[in-house]
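Data first, discussion second: the structure below is written as structure tokens.
Any read-out appearing in this document is the output of simple, stated calculations on the displayed coordinates, not a laboratory observation. In this text, all values refer to a predicted model and were calculated from it rather than measured experimentally. Heads up, the Cβs are rebuilt from the backbone with ideal geometry, glycines too, and the neighbour counts pull from every protein chain shown.
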Amino acid sequence: MGLVGEAVGRAVGTLWGPSFRAISELRHARSLHAEGICLQADVVPVRTDPPFTDVAERLAGPAFVRLSTAMWRGGREWPDILGASVRFRQDARITEEASPGDQDVLFATVRHVWTLAPAAFSTRVHDWLSNDYYGLAPFTVRRLGRAKLRLTSPRDVPRRQGSRVQRLREAMSEGHAFLTFEVYPLEHGLPHTWTPLADLFLRAEVTLNPARLRFDPFRDGLGITPRGFLHALRLPVYRQSQEGRTEH
């Protein structure tokens, strides 16, 4: 069923792709998650028991994170879905281009695809660090098998004022800006519970060319590979959206 579902997903994505390309051409930007902020990050493992330690150690090192809105631009903090795209880097340099062995994982403030509409109203749009971000559908993780992924926000940070960008910058200046990478194994013999693997400490804002920065949900250099209908649907949609983008 998995291979059939992925084939159906690719077919549906191929049908939807031209619409997303047209939106990108009209917006001169991504059709979704068009506006965001790029951040240099350090990934620090927190799990030390096998088989989790193997995955956590693979994630360790430099990364960069793009936090974004889904629909609105111009700093509007209206009901929306927020995104967190992570590139685990093999090279400490932060550039638009991926290096061999890099890993992209894309998250959003949506638990399941069927909660897409209500998620726009439950997302805390005024603060990126007050939300949890989900991978939407299962992945195959080397050494763990099938699993769900998410990023969780810190629970005990002080409440801040200002725009979400101002709140994020303040949290970084205080050293409180981080998200925790968690995994929920789906295989027999592993605990079916959310397990923290690593903390992503957000260190500093970086300026990148948005027209050249392209995350690929199937870039799996660290052995985290999307599986199933929904992920397969995203591939042609992302590619069409990227082709429709023009220089800003």
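Taking the Kirkwood radius as the inverse of the mean 1/r across Cα pairs, report the Rg/Rh of the range 25-170.
With Rg and the Kirkwood Rh in hand, the quotient comes to 0.97.
Please identify the GluC sites (Glu not before Pro) of the range 147-233 that satisfy two criteria: DSSP loop assignment and at most 16 other Cβ atoms within 10 Å. Which are they?
Hits after loop and neighbour filter: 187.
Once you charge only the Cβ atoms, +1 for Lys and Arg and -1 for Asp and Glu, what is the size of the charge dipole of the range 38-161 about its Cα centre, to the nearest 20 debye?
Charge dipole of the range 38-161: 320 debye, to the nearest 20.
Tell me the chymotrypsin sites (Phe, Trp or Tyr not before Pro) within the range 63-151 that lie in a loop according to DSSP and have at most 14 other beta-carbon atoms within 10 Å. Don't skip to the end; give the middle numbers.
Details: sites: 64, 72, 88, 107, 114, 121, 128, 133, 134, 139; in loops: 72.
Within the range 63-151, the qualifying chymotrypsin sites (Phe, Trp or Tyr not before Pro) (loop, at most 14 other Cβ atoms within 10 Å) are 72.
So, R0 is 22 Å and r is the distance between the beta-carbons of residue 54 and residue 95; what FRET efficiency does that work out to, to 0.05?
0.20
If you filter the range 72-157 for trypsin sites (Lys or Arg not before Pro), then keep DSSP loop positions with at most 12 other Cβ within 10 Å, what is left?
Within the range 72-157, the qualifying trypsin sites (Lys or Arg not before Pro) (loop, at most 12 other Cβ atoms within 10 Å) are 73, 76, 93, 143, 155.
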